[in-house]
Amino acid sequence: MGSSDNASDVLSESRIDQVRSEDPGDQSERNFRYQHQYGVIILAAVRRGSLDYVRVYCEHHEDLLCEARSGLFDGWQIKTSTPENGPWKLTDDALVRSIGRFVDLLTTYSTQIERFFFVSNADVDKVGDDVKDQKRRGRCPNLMLEHIRSRASLADLKAPFLEAFNALAGTLAADRQTLFDVLQRLEILKGPSRSEFDASLAHEHLGSLDECKALNATQLSDLRDDLVARVHRAASLQVTDPVRHIRSVFTKDVEDPVIAGKRITCADVVFTPPAVPMKQPQYLGTPTLVPGGPRLAGVLEQKLKAGGLEGAIGYMTAKERAAEYALLEEQARDPATAERQLLQVEEAVHGECIEAYYGAEKPDGEFGGAMLSDINARLRRLETDRRTLLGGHPYEVLVGVAAMLTRACRVWWSKRFVVEEERP
């Protein structure tokens, strides 16, 4: 009875096939991806010439720390927000903490920082002239920044922005002059929405680059994901430089590999999609060659002589024997696999020989020498370019297979003629 009850409980239980949209892990990953996507926007803007950066550091002091040609740095904070949080106000915790990060950066590196940027998918609070609520006007980020930019010094701040400024300084426990300097250099930017970011990044930001205009949708998406992954790696603590294991903490003449790992040099970024491995064709059927089988005596020699290659008879005969020995060794190890592999080698070599024949053929005169030279070059390329298809067989075996195909009358070195098999 108990087992029946348990079975019914299992049957009534819903399967694990629903998305937990409120999963904090999912949301964190989405927010981090937004940062990394925006890093790619910056790299594309550099490529386009819209930004004058030479290096981008990921999760180094700021979400993104960008070095300009002048040697000065811009700090970028990238933050996402949900619609129910409403537009950004100067009292919102994430914006306040980002400004605090900028204050710390400017305090520590006062002569090296030029500008600050706060980027978000959410809007900034808009307060029109018709709004008389002075506290709200003072908390409006755009009105505050506009007011500060119009002031020559901290002493020139006026209400209601002075009160909001003092409240912000108190929250951050920040030096008021440093906070004033940060806000004078701060820009607030609206980034793409989280739902449209992938499409916008691939087709607008990357697709508009000269080297990407010919890419199709799939290639643009692959390129986007490749670049986002590169920013992600730089933002992590993944360090593969072996120097990290031998570099002393007191060393000054060797760059810290952790910092080097966080750096992306803009000139090194390649805006081409990841290479797609070439697919290898597979020939079907059974091979015509039989290693170790009966050999037509004198056929190879007659055909080479007819092509003007009498001097190559010894060379080709030696290669033929070496190839036959190598193929017999494969058969001894694994007959079924060896037969499939022989078919691939035979057809690949035969194809090269046929193309070389028609490329060298002449109405009158011998052409075996030109054909042999072309085949040698083709088989050397085949050895490298299609190593997997050919089972790793070296060039010498491929030439030997060409000799075996010649004896089997599948390859000719001259105009066709009647071949007489030698009698013992």
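The values are calculated or read from the model by the stated rules, or taken from the named source; none is laboratory data. Remember, it's a predicted structure, so these values are computed and weren't measured experimentally. For neighbour counting, all protein chains shown are included, and Cβ atoms are generated from backbone atoms with ideal geometry for every residue, glycine included. Note: areas computed on protein heavy atoms with side chains; ligands, DNA, RNA excluded. Shrake-Rupley method; radii C 1.70, N 1.55, O 1.52, S 1.80 Å.
Suppose we filter region 86-116 for residues that are among the polar types (S, T, N, Q), exposed (fewer than 12 other Cβ atoms within 10 Å of the Cβ) and over 14 Å from residue 174 (Cβ atoms); how many remain?
1
Select, from 181, 225, the only residue that is in contact (Cβ under 8 Å) with a residue 60 or more places away in the chain and either charged (D, E, K, R) or not in a helix (DSSP H, G or I) (or both).
Numbers: 225 fails: in contact (Cβ under 8 Å) with a residue 60 or more places away in the chain.
Sole residue among the options that is in contact (Cβ under 8 Å) with a residue 60 or more places away in the chain and either charged (D, E, K, R) or not in a helix (DSSP H, G or I) (or both): 181.
Evaluate the following for residue 187: is it under 16 Å from residue 79 (Cβ atoms) and part of a strand (DSSP E or B)?
Values: under 16 Å from residue 79 (Cβ atoms): yes; part of a strand (DSSP E or B): yes.
Yes.
Go through region 83-107 and give me each residue that's assigned to a helix (DSSP H, G or I) and of a type in the set (Phe, Trp, Tyr). It would help to see each step written out before you state the result.
Going residue by residue through region 83-107, those that are assigned to a helix (DSSP H, G or I) are 83-85, 93-107.
Answer for region 83-107, where residues must be assigned to a helix (DSSP H, G or I) and of a type in the set (Phe, Trp, Tyr): just 102.
Answer with yes or no whether residue 129 is free of Cβ contacts under 8 Å to residues at least 12 places away in the same chain, in a helix (DSSP H, G or I), more than 16 Å from residue 190 (Cα to Cα) and open to solvent by 80 Å² or more (accessible area, probe 1.4 Å).
no
Could you give me the residue pairs with C-beta distances under 6 Å whose first residue belongs to region 73-94 and is under 21 Å from residue 106 (Cα atoms), whose second residue is open to solvent by 20 Å² or more (accessible area, probe 1.4 Å) and in a loop (DSSP other than H, G, I, E, B) wherever it lies, and which are 6+ apart or on separate chains?
73/112
Return yes when residue 164 is in contact (Cβ under 8 Å) with a residue 60 or more places away in the chain, crowded, with 19+ Cβ neighbours inside 10 Å and assigned to a loop (DSSP other than H, G, I, E, B) and no when it is not.
No: the conditions fail for residue 164.
Does residue 224 satisfy the criteria of being closer than 25 Å to residue 121 by Cα, open to solvent by 60 Å² or more (accessible area, probe 1.4 Å), under 18 Å from the mean Cα position of the chain (by Cα) and at pLDDT 90 or above?
no
Which of the residues belonging to region 200-221 are small (Gly, Ala, Ser) and under 17 Å from the mean Cα position of the chain (by Cα)?
202, 207, 217, 221
Results for (1) surrounded by fewer than 19 Cβ atoms within 10 Å (Cβ to Cβ); (2) at pLDDT 95 or above; (3) closer than 24 Å to residue 74 by Cβ, shown as yes or no for each residue.
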site	(1), (2), (3)
168	no, yes, yes
182	no, yes, yes
195	yes, no, no
204	yes, yes, yes
211	yes, no, no
216	yes, no, no
231	no, yes, yes
249	yes, no, no
253	yes, no, no
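Mind checking which pairs have a first residue in region 325-353 that is within 18 Å of residue 410 (Cβ to Cβ) and a second that is basic (Lys, Arg) and surrounded by 19 or more Cβ atoms within 10 Å (Cβ to Cβ), Cβ under 8 Å, 6 or more apart or different chains?
Short answer, once both residue conditions are applied: 352/378.
With respect to residue 383, is the statement that it is in contact with a Pro (Cβ under 9 Å, 6 or more places away or on another chain), within 20 Å of residue 281 (Cα to Cα) and among the acidic types (Asp, Glu) true?
Values: in contact with a Pro (Cβ under 9 Å, 6 or more places away or on another chain): yes; within 20 Å of residue 281 (Cα to Cα): yes; among the acidic types (Asp, Glu): yes.
So residue 383 passes the test.
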